[in-house]
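The values are calculated or read from the model by the stated rules, or taken from the named source; none is laboratory data. The structure displayed is predicted, hence computed values, not measured ones. As a convention, Cβ positions derive from the backbone with ideal geometry for all residues, glycine included, and neighbour counts pool all protein chains shown.
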Amino acid sequence: MWKAVLAGTAAVVISGSSLVFAHQMSDREGGPRWQPSAEDRKAFTDARIAALKAGLELTPEQEKNWPAVEAAIRDMAKARTDRMAARANEQPPSDPVECLHRRAERLGTIAAGLKKLADAEEPLYKSLDDAQKQRFKILMRALRPHHHMGFAGWQKRGWSGHDGRGQQPDGSGDGSPQEGPGTNL
């Protein structure tokens, strides 16, 4: 059991540490800001999915529910990559109303993807024992993009704690949810 947890943790640490390093490099004045390529994002997604599966230590019966979960995670990651590419190529909105329309459309797409992910995860999650459920919660956090590390320019918006509340790194904050795409995969 510990080997699988260690392997999963190592995969998360490796993928996360490279992002932290890139973020630190981009914080230097005048330094170039690193943007992960499509290949980088795919590699990080692969590592995070492998970490989740290894950390859960699924039984043969639970393995039957895994392909749907993995496919839903990959679909969310691909949709996020596609959204990022589309936003990079689109003209800025000409007025605030158009900006709201675009954001509403993006959020609707994200909501549909999250619904598919939740529907795929439900049978697997219900089949997990208590220890697996705890690991699932922790490892799923690692699947979320860390916007404070530089993805899509969100790092300047502030700290969004692991629980999604507005906590600062020192623990202060009002506890209100932070605005931003923290649920995007």
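Within segment 44-69, the set of residues being more than 14 Å from Leu128 (Cβ to Cβ) and surrounded by 15 or more Cβ atoms within 10 Å (Cβ to Cβ) comprises Phe44, Thr45, Ala47, Arg48, Ile49, Ala50, Ala51, Ala54, Ala68.
In segment 68-110, of all residues being over 22 Å from Ala38 (Cα atoms) and outside any helix (DSSP H, G or I), the one that is modelled with the highest pLDDT corresponds to Asp95. Hey, any hits in segment 28-36 for a residue that's hydrophobic (A, V, I, L, M, F, W, C), over 14 Å from the mean Cα position of the chain (by Cα) and at pLDDT below 85? Yes, segment 28-36 contains a residue that is hydrophobic (A, V, I, L, M, F, W, C), over 14 Å from the mean Cα position of the chain (by Cα) and at pLDDT below 85. Suppose the filter is under 17 Å from the mean Cα position of the chain (by Cα), modelled with pLDDT under 85 and assigned to a helix (DSSP H, G or I); does Ala152 pass it? Taking the combined requirement at face value, the residue satisfies it. Among the residues of this structure, Arg33 counts as one that is touching a residue at least 60 places away in the same chain (Cβ under 8 Å), surrounded by fewer than 16 Cβ atoms within 10 Å (Cβ to Cβ), farther than 18 Å from Pro123 by Cα and not aromatic (Phe, Trp, Tyr). Scan segment 97-126 for residues that are touching a residue at least 60 places away in the same chain (Cβ under 8 Å) and of a type in the set (A, V, I, L, M, F, W, C) and the total you get is 4. Scanning segment 111-134 for residues that are acidic (Asp, Glu) and part of a helix (DSSP H, G or I) returns Asp119, Glu121, Glu122, Asp130. Residues in segment 39-52 include none that are in a helix (DSSP H, G or I) and under 19 Å from Ala111 (Cα atoms).
Every residue, every condition in (1) over 21 Å from Asp40 (Cβ atoms); (2) surrounded by fewer than 16 Cβ atoms within 10 Å (Cβ to Cβ), yes or no:
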site	(1), (2)
Lys78	no, no
Gln91	yes, yes
Pro96	yes, yes
His101	yes, yes
Glu122	yes, yes
Leu128	yes, no
Gln132	yes, no
Lys137	yes, yes
